[in-house]
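Here is the structure we will look at, set down as structure tokens.
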Amino acid sequence: MRNRKNREEENDPVDLISYKRELGKIRARKTIIAFVLLAMLVTVGLVVFFSIRNHVYTDYETVGTVEWHSSAGATIVPFGSGFLSYSPDGIHCTNAKGMDVWSFAYTMQAPMVEVNGESVAVADRNGRAIYIFDKNGKTGEISVNSPVQRICLSEGGIVAAVLDDVTTTPIYLFYKDGTQISYFRTTMSRSGYPFAIGISKDGHLVGISYLYVDNGQMTSKVAFYNFGDVGRNETDNLVSGYDYQGKLVPYIGFLDSETAFAVSNDGLMLYEGGQRPTNIATVILNDEVRAVYHGSNYIGLVYFDKTGAGRYRMDIYDKKGNLYSNIVFDTEYDDIFFTGENVVIYNATSCLVYTLKGKLKYAGDFEEKVLLMIPTSYGTRYQLVTENGISLIQLR
């Protein structure tokens with residue numbers, strides 16, 4: 001018995017080495033299998049991605065419909081996952097299920113409605129009241145002493161308002177609860193007439209296009225005002241400005257808190273900087289711009305197409321002013337919007353869906369007259385608001 005036990009003890013070290021060797025082989029096989037499976041998953045994912053990206057849709061199916069009825073004379077605009085309908089009598093917020101989330105009654109002659117993200121501002125042109133809302137309802141009410149000419153709204157609900165006084169043009173900034181942040185006054189002799197206004201997403205920067213006459217020639221100035229710490233040490237919060245002799249600048253906007261742009265009668269100007277915007281690019285435009293649309297990364301300029309390839313052409317530019325792509329189309333459009341990697345062009349009876357690179361993804365007619373088309377978080381699904389309901393559609 002003693003000899004047998006000794007022999008077993010002598011074999012133990014050999015068995016341990018063999019065990020470690022086999023364990024290493026098993027681990028190596030598992031690692032190889034894991035890498036193979038990962039490679040297969042990546043390959044399948046890429047195949048699915050490019051299949052979806054390059055897929056051309058020929059039809060759509062209605063996934064669901066809820067009842068909703070439009071009010072006579074009301075205007076509707078997208079708001080979050082739902083929409084707003086407004087008229088001289090009031091404004092209503094409706095969700096994707098056709099239910100009123102909130103409503104507010106007022107009396108206005110010519111209501112102006114600005115929407116940015118989940119914030120809304122409403123004012124009567126030449127009126128003296130401004131109302132601010134978010135997804136839950138009214139957050140603030142502002143009373144001013146001079147007629148309101150223009151309003152602009154940041155994503156966080158900060159309102160910039162251009163008023164009209166007898167001798168000056170006051171410009172105010174308000175928080176979403178109606179509290180005044182700052183204000184300054186401009187005059188025709190000093191700055192010109194405020195022709196367009198834009199506000200950054202964080203509300204710190206306001207860009208204004210002024211129009212004035214210099215030695216008998218029409219001239220525009222694009223000025224940027226900083227209402228944060230940097231602008232407090234500057235006169236009227238003015239941190240930068242650019243003159244454009246002989247030009248009209250009817251549009252100014254912000255892609256984000258760092259990038260602004262302006263469109264003149266013959267140019268596209270890009271500005272960069274969250275504190276003191278500087279002009280980083282100027283694109284000379286050979287055709288007259290018919291309309292301007294933008295997302296958070298791209299600017300779309302629409303022209304009448306002169307090549308004969310279509311009725312309209314939209315040139316898409318990136319944040320640096322580089323021409324990214326162009327789209328030529330024949331459809332008369334009611335609206336154009338950027339959503340994800342796509343651009344949607346639609347009217348009451350049909351729509352076109354293109355990639356940002358200009359590849360046509362879908363072209364088709366609607367089954368009913370569409371008042372509003374709203375993107376969803378799922379790239380191939382859209383909500384269609386008609387006179388009698390709200391439908392969720394899936395491209396296929």
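The values are calculated or read from the model by the stated rules, or taken from the named source; none is laboratory data. As the structure is a computational prediction, the values presented were derived from the model and not from experiment. Reconstructed Cβ throughout: ideal geometry from the backbone, glycine too, with neighbour counts over all protein chains shown.
Some values worked out for this structure:
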item	result
Among (1) within 22 Å of Ile252 (Cα to Cα); (2) assigned to a strand (DSSP E or B); (3) assigned by TED's automatic domain parsing to the domain that holds Gly389 - the single one Tyr131 does not satisfy	(1)
Leading residue by the ranking (nearest to Asp59 (Cα to Cα)) among those in the range 352-383 that are free of Cβ contacts under 8 Å to residues at least 24 places away in the same chain and surrounded by 18 or more Cβ atoms within 10 Å (Cβ to Cβ)	Phe366
Boolean, Ser240 is small (Gly, Ala, Ser), assigned to a strand (DSSP E or B) and either within 18 Å of Gly358 (Cβ to Cβ) or outside the structural domain of Tyr172 (by TED's automatic domain parsing) (or both)	no
Entirely in the range 68-117, the strands (runs of 3 or more DSSP E) that have 3 or more residues that are not hydrophobic (A, V, I, L, M, F, W, C)	82-87, 90-94, 111-116
So Arg311, is it closer than 18 Å to Tyr242 by Cβ and over 22 Å from the mean Cα position of the chain (by Cα)	no
